[in-house]
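Worksheet for the structure shown next.
The values are calculated or read from the model by the stated rules, or taken from the named source; none is laboratory data. Please read these numbers as outputs of a predicted model, since none were measured by experiment. All Cβ positions, even for glycine, are placed from backbone atoms using ideal geometry, and neighbour counts span all protein chains on display.
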Amino acid sequence: MPRAVRPSRLAHVTRGRCQPRLLSEQRGSVLLATLMMCLGLSATALALATVADLSRLLIVEDELARQTLSQADVGLASVVWAATEKPLARTLEVPGLAYARIEESPGAAPFSMVLVAGVPVDGGSLEVRARLERAADGIDLPDRALVAANANAAEGRLLADMVCGSGETPARVSLRSPSPLSAHSSSLEVDFGRAWALDEGQVVVLEQAADVSSSRVVLAEVGLAGRPQLRAAQGTAPECPVLVVGGRGVPLDLTGFGDLYGVALAGDLGVRLEGTTLYGGVFTSGEVRFGQSGRILDSPTVRRWASTASLPVVRLVPGTRRDVVVGGGG
């Protein structure tokens, strides 16, 4: 009869035979887990790299789009200004644009136009269409009949005699410092210390407006010692006032015009008014020289025109702009 094996020995044999198999299975599981983890990390890295590449591509595309729209905005500004002085349905030469023209707008409001402009893009152009309308704007001015650094006149004349109000309303005057001419008068309100000057941006706008044939903005001629050349009917009545702007480097010479309806703007070299009665107002950072007969009769109507309707403008009608890619620009 065979001899029975003791349990302790059987367990020892069993452990000895099973240990290599268990260890092999554990090593395989660890290797598989490591491989899966590496694959996961690789996939994550690839996804992050793809996202980064797409982000860079989107940034580049967005920058190109911004540049194109910026170029379109600059070109539109040029076309809008050209529309102020050019006839309708005329092709315009505008730097940076493939083409530009202004067409009539059938059935639209009076003075309404359609702008058509092409902005070059890759293989084609971005066509911009928008409605334009003619309007009027003005230049911000103080609510005064006279703003100046100082006033000068012939002996015996007072400011109250040279600047008169409208009806029973006293004229309002601002000077940079007190003047012997500014004696107290019930027909005149004078304050001191107020500073006023044309800034460079306003000068540019006024110079551009003076180039428009229908404009009532007139620049003083530097070659004519600062004397403006008024066209027929300009400044001869309250219905057709004029905005006169002093030239650079010379005083504004308004002497000898008789009755003149309008507003005078000048820099540090001031304004001369001998022989002229100006119905409107004078604004200068220099001195006003009235001489023996120069006068200012305050006209709120004329000054309001200068502040709100003296500058002809053409502007885009809000909500009418449409951008369409033409050709291979998509």
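Scanning segment 129-145 for residues that are buried (at least 19 other Cβ atoms within 10 Å of the Cβ) and either at pLDDT below 80 or on the phi > 0 side of the Ramachandran plot (or both) turns up at least one hit.
Of the numbered conditions (1) more than 20 Å from Arg272 (Cβ to Cβ); (2) of a type in the set (S, T, N, Q); (3) at pLDDT 85 or above, Ser213 fails exactly one; give the number of that condition. So the condition that Ser213 fails would be (3). The single condition among (1) touching a strand residue (DSSP E or B) at 6+ places or on another chain (Cβ under 7 Å); (2) modelled with pLDDT of 90 or more; (3) more than 19 Å from Arg216 (Cα to Cα) that Val317 does not satisfy is (2).
For segment 278-320, give me the residue count where each residue is outside any strand (DSSP E or B), touching a residue at least 12 places away in the same chain (Cβ under 8 Å), closer than 25 Å to Tyr99 by Cα and of a type outside the set (S, T, N, Q). First the steps, then the outcome.
Kept after step one, since they are outside any strand (DSSP E or B), are these residues of segment 278-320: 285-286, 292-294, 299-310, 317-320.
Next, from what is left, pick out any that are touching a residue at least 12 places away in the same chain (Cβ under 8 Å): 285-286, 292-294, 299-303, 305-310, 317, 320.
If we keep only those that are closer than 25 Å to Tyr99 by Cα as well, we get 317, 320.
Subsequent filtering for residues that are of a type outside the set (S, T, N, Q) retains 317.
Adding up the residues that qualify gives 1.
When segment 254-277 is filtered for residues that are closer than 13 Å to Ala220 by Cα and part of a loop (DSSP other than H, G, I, E, B), the ones remaining, listed by number, are Leu254, Thr255, Gly267, Leu269, Gly270.
So that you can scan it fast, the table gives a plain yes or no per residue for (1) within 21 Å of Gly280 (Cα to Cα); (2) in contact with a Ser or Thr (Cβ under 8 Å, 6 or more places away or on another chain); (3) among the basic types (Lys, Arg):
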| position | (1), (2), (3) |
| --- | --- |
| Arg172 | yes, no, yes |
| Leu175 | yes, yes, no |
| Pro180 | no, no, no |
| Glu200 | no, no, no |
| Val204 | no, no, no |
| Val212 | no, yes, no |
| Arg216 | yes, yes, yes |
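For segment 169-177, the count of residues that are modelled with pLDDT under 80 and not hydrophobic (A, V, I, L, M, F, W, C) is at least one.
Please work out if Asp323 is of a type outside the set (Ser, Thr, Tyr), in the same structural domain as Val119 (by TED's automatic domain parsing) and touching a residue at least 24 places away in the same chain (Cβ under 8 Å). Yes, satisfied. Run down Ala233, Ala237, Ala225 and say which single residue is of a type outside the set (Lys, Arg), in the same structural domain as Pro170 (by TED's automatic domain parsing), surrounded by fewer than 18 Cβ atoms within 10 Å (Cβ to Cβ) and in contact with a Cys (Cβ under 7 Å, 6 or more places away or on another chain). Just a single option satisfies the conditions, and that option is Ala233.
Being assigned to a strand (DSSP E or B) and either modelled with pLDDT under 95 or more than 30 Å from Glu133 (Cα to Cα) (or both) is the requirement here; does Val250 meet it? Spelling it out, it is not the case that Val250 is assigned to a strand (DSSP E or B) and either modelled with pLDDT under 95 or more than 30 Å from Glu133 (Cα to Cα) (or both). Being more than 22 Å from Leu265 (Cα to Cα), surrounded by fewer than 21 Cβ atoms within 10 Å (Cβ to Cβ) and at pLDDT 75 or above is a property that Ala100 lacks.
On the given criteria, is Leu198 of a type outside the set (Gly, Ala, Ser) and in contact with a Pro (Cβ under 9 Å, 6 or more places away or on another chain)? Explain how you work it out, then say what you get.
Working: of a type outside the set (Gly, Ala, Ser): yes; in contact with a Pro (Cβ under 9 Å, 6 or more places away or on another chain): no.
Criteria not met by Leu198.
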